[in-house]
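> Attaching a single structure in structure tokens format; questions to follow.
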Amino acid sequence: MPPTAPAALADVTASDAALRRHLHGLPGVDTVGLEARAATLGTRSIKTTAKAEAIDLAISMIDLTTLEGADTPGKVRSLCAKGARPEPSDPSAPQVAAICVYPDMVNIAKEALAGTPLKVASVATAFPAGRAALPVKLADTRDAVAAGADEVDMVIDRGAFLSGRYLKVFEEITAVREAAGPAHLKVILENGELSTYDNIRRASWLAMLAGADFIKTSTGKVSVNATLPNTLLMLEAVRDFRAATGRQIGVKPAGGIRTTKDAIKYLVLVNETAGPDWLSPDWFRLGASSLLNDLLMQRQKLATGRYSGPDYVTVD
């Protein structure tokens, strides 16, 4: 059992069989009920002052991300400048939570963000597929942290998980947790490849038992990324995990969250499912690249009563 995991659940990770019994003993997911609740919460609307507060909160929760093969130091520096000062003409606009990049760009981001409170998050463990030997994944993680990453976003071995080798997945997460040292560890489940809601619930608990600081929906590199139902399910999991262990874990939906309307739906989901304790960048993040622009345009609309032209925000 990793030192970060609750001792009360030590027995469930003592063997592959014990872990399997625990994960398959979790309550089954009511698919119809889950999707209906997510749809209902997704229709909630908020106006005026509450909307302005929600927009600023959403901005402060963004992991502003660039994870492309064509990334350059210049692009990363520009993204850092945007995250640190999203609205140059309005210093009241909040900063984002973090800049998320590949490991080889961590030092560039760290240098660009010097003197700011923004975190540098790095993907690791052979992101996005995770198809590499464990020593390679651990080296990837250590390199990112050595370069200055404050947070590490790892991917689980979905092949091992789907074939029922839960202890292998658990032990790999604990090894990455150790390699990450002081960095916060976000564990990406890649929900779009897990096939069922029951698997998403099991993977959420598995990651939390192994010492995750956050559980994350997806890499943003597959056809199904963050959705309201799978995020709702993960929020239920962190709520129930805290009730069982006293340990609070964060949640990060990522991929496909592009508009202010989308972001507000997720904030409603957090408040109504996990509760207000999670309405903070310390416990909830939005992994996105284009979302910030829409939030800034909506923020300006609320302040002035009109939309700005297309040159109001930078193009990422």
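> Criterion first (acidic (Asp, Glu), within 25 Å of Asp56 (Cβ to Cβ) and in contact with a strand residue (DSSP E or B) (Cβ under 8 Å, 6 or more places away or on another chain)) does Asp153 satisfy it?
It is true that Asp153 is acidic (Asp, Glu), within 25 Å of Asp56 (Cβ to Cβ) and in contact with a strand residue (DSSP E or B) (Cβ under 8 Å, 6 or more places away or on another chain).
> Separate question: Output the residues belonging to the range 147-159 that are of a type in the set (Gly, Ala, Ser) and in a helix (DSSP H, G or I).
Hit for the range 147-159 is Gly159, nothing else.
> Considering only residues that are under 18 Å from Ile62 (Cα atoms) and of a type in the set (Lys, Arg), look in the range 94-134 and name the one that is surrounded by the fewest Cβ atoms within 10 Å (Cβ to Cβ).
Looking at the filtered set, the residue picked out is Lys110.
> Let me ask something additional. Read through the list (1) under 22 Å from Glu68 (Cβ atoms); (2) at pLDDT below 95; (3) surrounded by fewer than 18 Cβ atoms within 10 Å (Cβ to Cβ), then give the number of the only condition that Thr259 fails.
Tallying (1) under 22 Å from Glu68 (Cβ atoms); (2) at pLDDT below 95; (3) surrounded by fewer than 18 Cβ atoms within 10 Å (Cβ to Cβ), Thr259 fails exactly one: (2).
> Also, quick follow-up: Checking the condition under 30 Å from Lys265 (Cα atoms), at pLDDT 95 or above, surrounded by fewer than 23 Cβ atoms within 10 Å (Cβ to Cβ) and of a type outside the set (Ser, Thr, Tyr), which residue from Asp198, Asp153 passes?
After ruling out the rest, the residue left standing is Asp198.
> Got a number for residues in the range 160-195 being in a helix (DSSP H, G or I), more than 23 Å from Ser122 (Cβ to Cβ) and open to solvent by 40 Å² or more (accessible area, probe 1.4 Å)?
2
The values are calculated or read from the model by the stated rules, or taken from the named source; none is laboratory data. Since the model is a prediction, treat every value here as computed from it, not as a measurement. For neighbour counting, all protein chains shown are included, and Cβ atoms are generated from backbone atoms with ideal geometry for every residue, glycine included. Only protein heavy atoms, including side chains, enter the accessible area calculation; ligands, DNA and RNA are left aside. Shrake-Rupley method; radii C 1.70, N 1.55, O 1.52, S 1.80 Å.
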